[in-house]
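Novice: Sharing a structure with you now.
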Amino acid sequence: MKERRIAVALATFAFSALALVSCSKTKTAESNGTFKFGKINIPGKDGSLCDSPTYVAYEKGFFAEEGFDVTLISADTETRKIGLNNGTIPIVNGDFQFFPSIEEGVHVKVVDGLHNGCIKFVVRPDSDIRTVQDLKGKKIGVDEIGGTPHQVSSLWLEQAGISALQKDGEVIFLPFSDGNLELLALYNGELDVAAMWDPLGSVAEKEGKVKVIFDLSTDPAFKDKYCCFLYASSKLLQEKPDEIAALLRAYRKAQNWISSNPEETVNIIISGKYSQIEDKDLAIQLIKSYEYPSTADRASGKQSVEGDVKYFVQALYDIGYLKSDPDSFAKDIFASVDVEKL
């Protein structure tokens with residue numbers, strides 16, 4: 001009996017040692033460059049709920065499967081533009097905020113669609129602001145000037161005949177790098193409207209602290225269209241197209257997984273503290289509303305990335321935010337990537 005216990009102990013020790021060696025070898029091998037494409041940085045710490053494909057591709061190992069040792073970083077709009085230009089950031093999530101910048105010389109291309117809708121404009125419950133026409137002369141909070149909530153606000157205002165240009169003084173945009181501070185400013189009367197990424201606006205709405213006057217996923221001008229695209233560095237598209245194709249495969253794996261697993265997606269987001277939300281039911285509801293495209297959706301042609309690019313190019317041209325011919329510009333900024341290319 002004693003000999004048997006010793007044998008079992010030795011076997012257990014040997015198995016544990018083997019496992020440790022195996023883990024050690026794997027870790028060492030990865031650090032020595034086993035990843036086909038090596039180390040890259042991808043912006044993925046902005047706290048937005050809708051950037052779930054980035055979180056899921058990272059946590060589920062889809063980036064690693066496609067050959068990338070990814071570090072998720074924080075990066076504002078200007079940092080993203082610089083990184084895309086020089087190739088140190090290969091790909092980012094963003095809406096039509098980049099279109100005017102591309103016209104001005106930022107070297108990026110739209111390579112895919114990411115999801116539909118993720119921004120809400122909220123006001124205090126007692127506010128008399130109900131429509132876009134009520135925004136004239138008001139103070140609007142955004143995360144940053146030039147960022148997505150700012151650009152969405154600008155298009156909504158301009159289409160209603162209200163200038164969104166600061167110099168015209170018809171509205172005032174105030175940037176808040178922290179969404180919680182933006183909400184606090186709204187509650188205190190320092191702002192009239194808060195244009196916000198999910199989930200903060202939706203959480204505040206459910207708690208009865210605000211009311212929503214604009215929802216990107218349901219507004220007629222934006223509904224059923226990709227609000228956010230994937231932008232790739234033009235430099236890398238030319239020099240390393242295989243890397244961009246591999247990144248798109250990782251993102252598409254994540255989108256397909258999210259569309260089938262919204263509950264598990266929320267668990268990943270909450271446990272990883274990727275976004276400020278603890279209400280799982282609300283988070284699941286929001287994730288579903290973004291309509292991440294599944295493999296079947298893509299095969300059916302449910303949405304057209306190129307078509308949505310053209311739509312927003314035309315919209316920005318119509319309000320004077322773009323000067324280039326819409327048809328030519330839309331074709332120029334979109335790049336069709338063969339994701340099967342190895």
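Novice: Separation between the Ser336 and Ile284 pseudo-spin-labels, each 7 Å from Cα along Cα→Cβ, expressed in nm?
Specialist: Distance between the two pseudo-spin positions: 4.0 nm.
Novice: May I pose another question? Charges on Cβ only, +1 for Lys and Arg, -1 for Asp and Glu, centred on the Cα centroid of the chain; of Ile244, Ala185, Phe214, which one is farthest towards the dipole's positive end?
Specialist: Ile244
Novice: Please compute one quarter of the surface area of the Cα convex hull for the stretch 108-234 and express it in square nanometres.
Specialist: Details: hull surface 32.4 nm².
Answer in nm², one decimal: 8.1.
Novice: Just to confirm the filter: which trypsin sites (Lys or Arg not before Pro) across the stretch 60-154 are DSSP coil and have at most 14 other Cβ within 10 angstrom of their Cβ?
Specialist: Counting only loop positions with at most 14 other Cβ atoms within 10 Å, the trypsin sites (Lys or Arg not before Pro) in the stretch 60-154 are Arg130, Lys136.
Novice: Relative to the Cα centre, what is the charge dipole magnitude of the chain, using +1 at the beta carbon of each Lys and Arg, -1 at the beta carbon of each Asp and Glu, and rounding to the nearest 20 debye?
Specialist: 1300 debye
Novice: Quick one: which residues, 5 or more positions from Phe214 or on another chain, have an amide H under 5 Å from its amide H? H modelled 1.01 Å from N in the peptide plane, none for Pro or chain starts.
Specialist: Placed amide hydrogens put Phe121 under 5 Å from Phe214.
Novice: Rounded, prolate or oblate: pick one for the stretch 97-176, where a ≥ b ≥ c are the square roots of the eigenvalues of its C-alpha gyration tensor, a/c under 1.5 means rounded, and failing that, prolate if a/b is larger than b/c, else oblate.
Specialist: prolate
Novice: How compact is the stretch 265-307 by the rule of thumb for globular proteins, expressed as Cα Rg over 2.2 N^0.38 Å?
Specialist: That works out to 1.47 for the stretch 265-307.
Novice: May I pose another question? Would you please classify the overall shape of the stretch 185-342 from the alpha carbon gyration tensor, given that a ≥ b ≥ c denote the square roots of the eigenvalues, rounded means a/c under 1.5, and beyond that prolate means a/b larger than b/c while oblate covers the rest?
Specialist: On the way: a/c = 2.09, a/b = 1.29, b/c = 1.63.
Oblate is the answer for the stretch 185-342, as a/c is 1.5 or above yet b/c matches or exceeds a/b.
Novice: Could you pull out every residue, at least 5 positions away or on a different chain, whose amide H is within less than 5 Å of the one on Glu66? Hs are placed 1.01 Å off N in the peptide plane, and Pro or chain starts have none.
Specialist: Hits under the 5 Å cutoff: none.
Novice: Under 10 Å, Cα contacts only: if you run a Gaussian network model on the chain, which one of Ala296, Ala194, Ala75 comes out with the highest mean-square fluctuation?
Specialist: The residue that fluctuates most here is Ala296.
Novice: In addition: Please list, in order, the residues from the stretch 266-298 whose amide nitrogen is less than 18 Å from a point placed 7 Å along the Cα→Cβ vector of Asn180.
Specialist: The answer is 270-280.
Novice: Pairs to check: Lys253/Lys331; Lys109/Lys253; Lys139/Lys235. Give those whose C-alpha atoms are more than 30 Å from each other in this structure.
Specialist: Lys139/Lys235
Novice: While we're looking at this one, here's another question. Rounded to the nearest whole Å², what accessible area per residue is found for the chain with the 1.4 Å probe?
Specialist: On the way: 16080 Å² over 342 residues.
Result: 47 Å² per residue.
Novice: In addition: Let me make sure I get this right: for the stretch 197-249, a, b and c are the square roots of the gyration tensor eigenvalues over alpha carbons, sorted descending. Under 1.5 in a/c it's rounded, otherwise prolate if a/b > b/c, else oblate. Which is it?
Specialist: Prolate, because a/c is 1.5 or more and a/b exceeds b/c.
Novice: Whose amide H sits under 5 Å from the amide H of Tyr274, counting only residues 5 or more places off or on another chain, with H placed in the peptide plane?
Specialist: Placed amide hydrogens put nothing under 5 Å from Tyr274.
Novice: Please give the charge dipole size of the stretch 72-116, origin at the Cα centre, charges +1 on K and R Cβ atoms and -1 on D and E Cβ atoms. Round to the nearest 20 debye. Before the final figure, lay out each step's value.
Specialist: Working: 3 positive and 6 negative charges, 29 e Å.
Charge dipole, the stretch 72-116, about its Cα centre: 140 debye, nearest 20.
Novice: Output ³J(HN,Hα) for the stretch 165-172: one whole-Hz value per residue in order, computed from phi by the Karplus curve 6.51 cos²θ - 1.76 cosθ + 1.60 with θ = phi - 60°, and x for Gly and Pro.
Specialist: Once rounded to whole Hz, the list reads 6, 4, 5, 7, x, 7, 9, 10.
Novice: What GluC sites (Glu not before Pro) in the stretch 218-314 are in a loop by DSSP, with at most 15 other Cβ atoms within 10 Å of the Cβ?
Specialist: Values: sites: Glu239, Glu243, Glu263, Glu264, Glu278, Glu291, Glu306; in loops: Glu278, Glu291.
Answer in residue order: Glu278.
Novice: Something else: Which percent of the accessible heavy-atom area of the chain goes to carbon and sulfur, probe 1.4 angstrom? Spell out each step's value before the answer.
Specialist: Values: 8320 of 16080 Å².
The nonpolar share, carbon plus sulfur, comes to 52 percent.
The values are calculated or read from the model by the stated rules, or taken from the named source; none is laboratory data. What you see is a predicted model, and the numbers here were worked out from it, not measured in a lab. Every residue, glycine as well, gets a Cβ built from its backbone with ideal geometry; the counts of neighbours run over all protein chains shown. The area values use the complete protein model at the heavy-atom level, side chains included, leaving out ligands, DNA and RNA. Shrake-Rupley method; radii C 1.70, N 1.55, O 1.52, S 1.80 Å.
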